[in-house]
4 protein chains.
Amino acid sequence: MGIRLFITGGTFDKTYDEISGRLLFKDTHVQEMLRLGRCRLPVEVRTLMMVDSLEMTDADRQLVLQNCRAAAEERIVVTHGTDTMTDTARVLGAASLPKTIVLTGAMVPYAFGSSDGLFNLGSALSFVQALPHGVYVAMNGRCFAWDDVVKNRELGVFEPRR
Amino acid sequence: MGIRLFITGGTFDKTYDEISGRLLFKDTHVQEMLRLGRCRLPVEVRTLMMVDSLEMTDADRQLVLQNCRAAAEERIVVTHGTDTMTDTARVLGAASLPKTIVLTGAMVPYAFGSSDGLFNLGSALSFVQALPHGVYVAMNGRCFAWDDVVKNRELGVFEPRR
Amino acid sequence: MGIRLFITGGTFDKTYDEISGRLLFKDTHVQEMLRLGRCRLPVEVRTLMMVDSLEMTDADRQLVLQNCRAAAEERIVVTHGTDTMTDTARVLGAASLPKTIVLTGAMVPYAFGSSDGLFNLGSALSFVQALPHGVYVAMNGRCFAWDDVVKNRELGVFEPRR
Amino acid sequence: MGIRLFITGGTFDKTYDEISGRLLFKDTHVQEMLRLGRCRLPVEVRTLMMVDSLEMTDADRQLVLQNCRAAAEERIVVTHGTDTMTDTARVLGAASLPKTIVLTGAMVPYAFGSSDGLFNLGSALSFVQALPHGVYVAMNGRCFAWDDVVKNRELGVFEPRR
């Protein structure tokens, strides 16, 4: 059962640039994370963009949707910045593709010792195999349907809508 | 949906003891790993034993089974050494409890930088929420039914039986 | 032989704040680093300020000087942002105190896996014990006199003046 | 000022082998540690052996001595297991070479997150530049003369003789 993994950037993949002293994007860490997880799933990784999700445009989200539609795989994981992850989930969810799509990300860059990224990647890759068609957000060990999830910005956690 | 997490030891929880220069068990790292994963699931952690799975006896496996049976929760994760994880899975599977039980572990101790533990814990906690009743092994990003899994000792990965 | 360690902030101590998604200062990591290094030196740690060295003012540098002068210890390490470390070194050096003062910092925050901070702290604490009175910058495994050091901003390394 | 770095193994360089579940030696981590420390010293690394220092023989120690004597460099760091580091220090010290030789090691393997290795390497490389000819042990942030140091095996720290 092949899995497609689309990279869009987000905190997940931010790196500290020691010359500028800023957090920015270089290459994705996902391949290294799959190695660390001794992952033996047939995962096809593709980088769609490398952006902070606060700067993701409608056109960017359409590009993600288009790629999910065009992918040969029925099971898709999308790494995404947490700030607008639920917005992209809504765009993907409204399209009702006959696929299982799981968005995930990280609160802390993978390159930091204290990152939740590896835990979340293991979680997303598992939910995508086990859940029926639909669009989901996998964060905090939980899985939310695309139309019943918000990011609580004060606590930095994902929750169901009230 | 409450989840019970039983600790039995294994590579997962081995620590380097700097006085003796040996790998041994002190406290479990699971609570720290749940924090790192920003896990917001209602997980109840209980340590059943702290053993190398090569030294796990039949009585030990019966104790694990007993605790799975007695647990109030329907969803249970068991951390376990990889060497005899499939043996314990068979004992649990043969009991046909009306529960979803997922065993997981690590090829490298969590305390090592290169551990797969956090990835596997995220994976096991996700499969246990999404899968129907049954007993499973979650390793290498994959999930195996208890009666169709072996550890390939040469490669250090889990596979279906031929 | 007691050692005084003054904290002023800098990349060394920056932390990723997962709510704001920014690098900022919380508590210093120095105590944790001393523990990690199994350091058994009598080190007295004092936080003077927690600032990005690009924002350090003349008054801030005078405060560092004042504290070096007033310290009971003859051997002093100062953690400092790398961008203006040589400026502060010049202020301290010009004062010609009868003390050995070593400034150090990090190119990458300690909280990142890829930080040079622990290496540099081990280096600074060693030079401060072994060198005669004077003011020095310890970076890249090397030690520079306060009046013969510049930061090469393109390469991100410290060098002697030409 | 060129520095020679001789590797002899020890806890410093032990790696967890995930197939056997044992700590053993593969390649040295020293090159990676020098990169992490952004070290810009002219260091020439040479692996003499890769042994647990409890298994180091008299012939092994003579080999270390021979290499120190033959090295073109006047400044030499030797990485060594902590258990018999002081024995090797005595062999080197008794030879009274016109060189500065610093032995160091680690209480916890570098590959473990909690290792003191990077701190100790930064420390040893600094002491070797700053100290006069002689043989020293650099551990715990301190530097001991070869004839005034013992390992306190209960506490896991190095101390002067009484």
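The values are calculated or read from the model by the stated rules, or taken from the named source; none is laboratory data. Keep in mind it's a predicted model, so treat the numbers as computed, not measured. We place every Cβ from the backbone using ideal geometry, glycine too, and count neighbours over all the protein chains shown. Quick note on the areas: whole protein, heavy atoms, side chains included, nothing else; ligands and nucleic acids left out. Shrake-Rupley method; radii C 1.70, N 1.55, O 1.52, S 1.80 Å.
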* **Whole-angstrom Cα spans of the range C:113-162 along principal axes, big to small** => 32, 31, 10
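Note down, for the range B:44-95, the three equivalent ellipsoid semi-axes (square root of 5 times each alpha carbon gyration tensor eigenvalue), biggest first, whole angstrom. Spell out each step's value before the answer.
Details: eigenvalues 59, 32, 20 Å².
Whole-Å semi-axes of the equivalent ellipsoid: 17, 13, 10.
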* Note down the magnitude of the dipole of chain B about its Cα centre, charges +1 on Lys and Arg C-beta and -1 on Asp and Glu C-beta and zero elsewhere, to the nearest 20 debye. => 440
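For chain A, what is the mean residue ellipticity at 222 nm derived from helices alone (per DSSP H run of n ≥ 4: -39500 (n - 2.57); sum divided by total residues; nearest 500 deg cm²/dmol)? Let's see the in-between values first.
On the way: 4 runs with 44 residues, N = 162.
For chain A, the value works out to -8000 deg cm²/dmol.
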* What's the local net charge at D:Cys68, with K and R +1, D and E -1, over the other residues with C-beta under 14 Å away? -> +3
* To do: Output the pairs from B:Lys14/C:Lys151; B:Lys151/D:Lys14; A:Lys26/B:Lys151; C:Lys14/D:Lys151 with a Cα-Cα distance over 32 Å in this structure; if there are none, say none.
  => B:Lys14/C:Lys151; A:Lys26/B:Lys151; C:Lys14/D:Lys151
* Pairwise centroid distance, computed over Cα atoms, of the range B:129-162 with the range D:101-145, Å -> 45
* Structure fact -> The set of residues whose placed amide H lies less than 5 Å from the amide H of C:Thr47, leaving out same-chain residues fewer than 5 positions away, is C:Ile7
* **For B:Pro160, net neighbour charge (Lys/Arg +1, Asp/Glu -1) across residues whose Cβ lies under 13 Å away** => +2
* Ignoring ligands, DNA and RNA, how much accessible area is buried between chains A and B, both sides summed, with a 1.4 Å probe, to the nearest 100 Å²? -> 2400
* **A:Ser96 accessible area, 1.4 Å probe, all protein chains in place, Å² to nearest 10** => 90
* For D:Thr47, which inter-copy label distances result when the label point lies 7 Å beyond Cα on the Cα-to-Cβ vector, reported in nm to one decimal and in ascending order? -> 3.2, 3.7, 4.3
* Grab the alpha carbons of chain B, take their convex hull, and tell me the volume per residue in Å³. => 112
* **Choice from C:Val45, C:Val102, C:Val64 with maximal GNM fluctuation in chain C (Cα, 10 Å cutoff)** => C:Val45
* Structure fact -> Mean projected area, convex hull of alpha-carbon positions in the protein assembly as shown, reported to one decimal in nm², is 31.6
* To do: Return, ordered by residue number, the residues of the range A:121-145 whose backbone nitrogen is under 18 Å from a label point located 7 Å along Cα→Cβ of B:Val45.
  => A:123, A:140-142
* Cβ-based charge dipole, the range C:1-155, positive-most Cα from C:Cys68, C:Gly105, C:Ser126 -> C:Ser126
* **Per residue accessible area in Å² of chain B, where ligands, DNA and RNA are left out and the probe is 1.4 Å** => 38
* Asked: Shortest first, in nm, what separates the label point of A:Gln31 from those of the same position in the other copies (7 Å along Cα→Cβ)?
  -> 2.0, 4.0, 4.2
* **Under-5 Å amide H pairs with C:Val150, H placed in peptide plane, nonlocal only** => C:Glu159, C:Arg161
* Determine the residues within the range C:127-162 where the difference in accessible area between the chain on its own and the full set of protein chains amounts to at least 50 Å²; count protein heavy atoms only and use a 1.4 Å probe. => C:Phe127, C:Ala130, C:Asn140
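Hey, what did chain D get for relative contact order, percent, Cα under 8 Å, at least 6 apart? Intermediate results must be reported in sequence, preceding the final value.
Details: 319 pairs, mean separation 38.4, N = 162.
Dividing the mean separation by the residue count of chain D yields 24 percent.
Run the accessible area of the protein assembly as shown with a 1.4 Å probe and give the carbon-and-sulfur part as a rounded percent. If you can, show how the numbers build up before the last one.
On the way: 11640 of 24830 Å².
Accessible surface attributable to carbon and sulfur in the protein assembly as shown totals 47 percent.
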* Over all directions, what mean area does the Cα convex hull of the range B:72-162 project, stated in square nanometres? -> 6.0
* Asked: Can you list, shortest first and in nm, the gaps between the label point of C:Ala72 and those of its counterparts in the other copies, using a point 7 Å from Cα in the C-beta direction?
  -> 5.0, 5.6, 7.4
* Asked: When the scattering of the range C:13-76 is computed by the Debye formula from its Cα atoms alone, each counted once and equally, what is log10 I(q)/I(0) at q = 0.21, 0.25, 0.28, 0.29 Å⁻¹?
  -> -1.05, -1.15, -1.20, -1.21
